[in-house]
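Enquirer: This is the structure I have questions about; it appears just below.
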Amino acid sequence: MADLKLTDVAKSYGPVNVLEHINLDIETGELIVFVGPSGCGKSTLLRMIAGLEKITGGELQIDGQRMNDVPPAQRGIAMVFQSYALYPHMTVRDNMSFALKLAKKTPAEIDAAVTKAAKILQLEPYLDRLPKALSGGQRQRVAIGRSIVRDPKVYLFDEPLSNLDAALRVATRIEIAQLKESMPDSTMIYVTHDQVEAMTLASRIVVLANKGIAQVGSPLELYERPNSEFVAQFIGSPAMNLFPGEVTSTGASTALSLVGGGHATAPIASVDGDKGQTFNLGVRPEDMIVTEGDNFIFEGDVNYIEALGEVTLVYFQSHSGEHPVIAKLPDIQRFDKGQKLRLTADPAKMHLFDTKGVSLLYR
């Protein structure tokens, strides 16, 4: 398989810059997931790696070889698209073997490659069926199998599950995870807007925003130590709550007086110059705790409740009037609309962001 190196890669359409200063090293055997808001350039970056979009700046290397001007067919990559793009008049076997026939492989080589891929993807009972006789998840597995038979250096997945319903998406996501386990040396790059896919599949997640990379790290690293307000609110669902407040004490721990009368002391270091500044205290909804004491970070009236059984989402109007404050409480909780509640959190679960939206842990 292969490793990839992107050095100062950029993409522009005339005067419009879409991506700038993309620097990323991908090691052999990794499953890298690109995530970010719509229009951030996830699919564009994937298509640049595939050779379907021209790189307008910087350099792409695969296994140490410069690939900027190498045609897609010679890059050693295979791409699975959002659309299955199967030939409807061909059987599963013929769909999977078509590229090998074009490459003039021998019948024995083709049969061995198709049999191996079908076994990995559990498609052996369906090899003689037409695509119309398959479910959506099975069709997507055929599309993946069509890539596997080519034995590429790098697999590229462009939102392959977005056309599936919720149940099939979960099942196929598990199948992709098992596929990666069965091919530990395969290098895979996966684009998605679904955070669950990113968190469960990725070796590392690349968060794209503002024409560049906002943060790169393992799923739990991005969840537990986001480097900015943007990453903190993008990773995790519901998004992290932000409580504005004034810093009242600095040092090894930082104390804040929060808007609305709350107080917090986070075990996060700050400097003397931070005193008197307005910072945002970040707490994830699942880390919020209902309290009856005076030690609270937020007090508000229940605005809306979503009872999901395993958890209860309780919504409050924020003091800033922007995004609602959300508490994700375990099990079934019974509150009345309009009921006043106080919320707090374990200080170890708190995050602090300065006036530029940068986490104090990364300053």
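Enquirer: In deg cm²/dmol and to the nearest 500, what is the mean residue ellipticity at 222 nm of the chain if only DSSP H runs of at least 4 residues count, each as -39500 (n - 2.57), divided by the residue total?
Expert: -7000 deg cm²/dmol
Enquirer: Distance between Cα centroids, the range 228-263 to the range 148-207: provide it in whole Å.
Expert: Measuring centre to centre over Cα atoms gives 34 Å.
Enquirer: Also: Looking only at the chain, where both bridge partners belong to it, what percent of the DSSP beta bridges are antiparallel (to the nearest 5)?
Expert: Values: 57 of 74 bridges.
Here the share of antiparallel DSSP bridges comes out near 75 percent.
Enquirer: Moving on to the next point. With a cut-off of 8 Å between alpha carbons and a minimum separation of six or more residues, what is the relative contact order of the chain in percent?
Expert: Result for the chain is 15 percent.
Enquirer: If I build a Gaussian network model for the chain, linking alpha-carbon pairs within less than 10 angstrom, which residue out of GLN140, GLN195, GLN339 has the largest mean-square fluctuation?
Expert: Between GLN140, GLN195, GLN339, it is GLN339 that shows the largest mean-square fluctuation.
Enquirer: Next up: Report the extension gain between ASN68 and LYS349 in nm, rounded to one decimal, defined as 0.36 nm multiplied by the number of residues separating them, less their alpha carbon distance.
Expert: Computed gain between ASN68 and LYS349 is 96.8 nm.
Enquirer: Right, another one. Which of the lysines could a cross-linker span from LYS11 if the Cα-Cα distance has to be under 21 Å and same-chain partners fewer than 8 positions apart are dropped?
Expert: Answer for LYS11, where 21 Å is the Cα cut-off: LYS42, LYS54, LYS211, listed by chain and number.
Enquirer: May I ask you to order 306-317, 72-83 by the average number of other C-beta atoms within 10 Å around their residues, highest value first?
Expert: 72-83, 306-317
Enquirer: Moving on. Find how many whole Å separate the alpha carbon centroid of the range 303-335 from the alpha carbon centroid of the range 87-113.
Expert: The two parts, judged by their Cα centres, are 53 Å apart.
Enquirer: What spacing in nm lies between the two simple spin-label points modelled at LYS104 and LYS54, each 7 Å away from Cα in the Cβ direction?
Expert: Spacing of the two 7 Å Cα→Cβ label points: 3.1 nm.
Enquirer: Next up: Please give the peptides 331-337, 107-113 ranked by average Cβ packing (other Cβ atoms within 10 Å per residue), highest first, as a rough proxy for protection.
Expert: Going from most to least packed, we get 107-113, 331-337.
Enquirer: Could you please rank ARG284, ARG204, placing first whichever residue has the fewest other Cβ atoms within 10 Å of its Cβ? Mind dumping the intermediate values first?
Expert: Details: ARG284 23, ARG204 17.
Ranked by crowding around the Cβ, least crowded first: ARG204, ARG284.
Enquirer: Exposure proxy check: MET90, MET288, MET96 ranked by fewest other beta carbons within 10 Å?
Expert: MET90, MET288, MET96
Values in this text are rule-based calculations from the coordinates and carry no lab data. As the structure is a prediction and not an experimental result, all values here were calculated from the model. So basically every Cβ, Gly included, is an ideal-geometry build from the backbone, and we count neighbours across all protein chains shown.
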